[in-house]
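Some notes on the structure that comes next.
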Amino acid sequence: MTARGLRRAASRLLERPAVPGRVSRACSAFRTFAEVLRLPQRQMTKLAFPLRELERQLTPDSRVGLHVKTFDPSLEAISRAESVFTAGGRHRIEYVSSAVRLDHAPDLPHPEVCFIGRSNVGKSSLIKALFSLAPDVEVRVSKKPGHTKKMNFFKVGKYFTLVDMPGYGYRAPEDFVDMVETYLKERRNLMRTFLLVDSVVGIQKTDNIAIGMCEEFALPYVMVLTKIDKSSKGHLLKQVLQIQKFVESETQGCFPQLFPVSSVTYSGIHLLRCFIANITGNLKTDGL
Ligand SMILES: Nc1nc2c(ncn2[C@@H]2O[C@H](COP(=O)(O)OP(=O)(O)OP(=O)(O)O)[C@@H](O)[C@H]2O)c(=O)[nH]1
Ligand SMILES: [Mg+2]
């Protein structure tokens, strides 16, 4: 796609209506991995490794390929990664600043990861769940699409920076394309982009445009399937298989393993913490 074509496609990211989400209840349990480890085996697996649990639904001969073992850390590695996300002492996890233009973004030396996706897909909620062990950090979420209007930068001690992006699609901010496209194209320390897809509706047209953008800019990105507490196992399995097939056949830069999560039940949150700690170089890889 030419730069102009991409820009035209990107401007369509502003147009599509989002599917309204249900109001979610707050959940304070299972923030820490120690709490998850105390659960009976089956429940523990469901929370820690949602893909592994889904795999049980398949007949043995069709299991190949669902639970891609590209990133398959030990329980011990997941526990260790938690310290990166736990504020305390000199390890401060804090909001730094917001920006509507890349040249207003804070100049931080650490590796950076960002979260993109349709408005209302659950970006801010996911970040809030990831930061639930840093109670002083305020991440604002809303049931109304288009809530996050700026790029919000959070510093995770001396380890990395995390960026909450405005959503594309329905009620996206007018300057979305200039803001986000420029950020994705030019941010030098951007290490990984997390592209969130709603498990209830799967990949939508606007998601395809965002995927096209990540591919065009040769970004390494990872797909996260959100709100898995809202879907039946059967529906979730169908989505996972469809998206994994799509990633395998249609993408170059996308990590082959999908991360299903729920910011309500904390399913998949601990694994994702471990993945982020790992890719930002903050988890020793031995024992993974
Ligand atoms: N059931 C359920 N609801 C969720 C989950 N994650 C987010 N939500 C709800 O989805 C709505 C949107 O969440 P946000 O996190 O604000 O979505 P966002 O992607 O940041 O939206 P914008 O800032 O508008 O782009 C809120 O009502 C959340 O409570 C989840 O895992 N499960
Ligand atoms: Mg938001």
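Side notes on the structure shown:
- Within region 176-200, tally of residues that are within 14 Å of ligand 1 (Cβ to nearest atom) and not polar (S, T, N, Q): 9
- Filter result for residue 162 (within 20 Å of residue 94 (Cα to Cα) and surrounded by 20 or more Cβ atoms within 10 Å (Cβ to Cβ)): yes
- Tally, over region 84-128, of residues that are more than 13 Å from residue 162 (Cα to Cα) and either of a type in the set (Gly, Ala, Ser) or assigned to a helix (DSSP H, G or I) (or both): 11
- Region 210-243, residues that are basic (Lys, Arg) and either within 19 Å of residue 56 (Cα to Cα) or assigned to a helix (DSSP H, G or I) (or both): 230, 233, 238
- Tabulated pairs, region 31-48, first closer than 13 Å to residue 267 by Cα, second β-branched (Val, Ile, Thr), C-beta under 8 angstrom, 6+ apart or interchain: 33/78; 44/36; 47/36; 47/265; 48/36; 48/78
- Comparison of 225, 241 shows that the only residue that is buried (at least 23 other Cβ atoms within 10 Å of the Cβ), aliphatic (A, V, I, L, M) and out of contact with any Lys or Arg (no Cβ under 7 Å at 6 or more places or on another chain) is 225.
- Of all residues in region 118-144, those being surrounded by fewer than 20 Cβ atoms within 10 Å (Cβ to Cβ) and within 12 Å of ligand 1 (Cβ to nearest atom) number 6.
- Any hit, region 175-188, residues being modelled with pLDDT under 90, under 18 Å from the mean Cα position of the chain (by Cα) and outside any helix (DSSP H, G or I): no
- Qualifying residues in region 123-157 (those that are of a type in the set (Lys, Arg) and modelled with pLDDT of 95 or more) - the one nearest to ligand 2 (Cβ to nearest atom): 123
- Residues that are surrounded by fewer than 20 Cβ atoms within 10 Å (Cβ to Cβ) and near ligand 1 (Cβ under 9 Å from one of its atoms), drawn from region 146-159: 146, 147, 149
- The residues on offer are 83, 79, 125, 119, and the sole one that is under 17 Å from the mean Cα position of the chain (by Cα), closer than 30 Å to residue 44 by Cβ and polar (S, T, N, Q) is 125.
The values are calculated or read from the model by the stated rules, or taken from the named source; none is laboratory data. Treat the numbers as computed from the prediction; the structure is a model and nothing was measured. Positions of Cβ are backbone-derived with ideal geometry, glycine not excepted, and every protein chain shown enters the neighbour counts.
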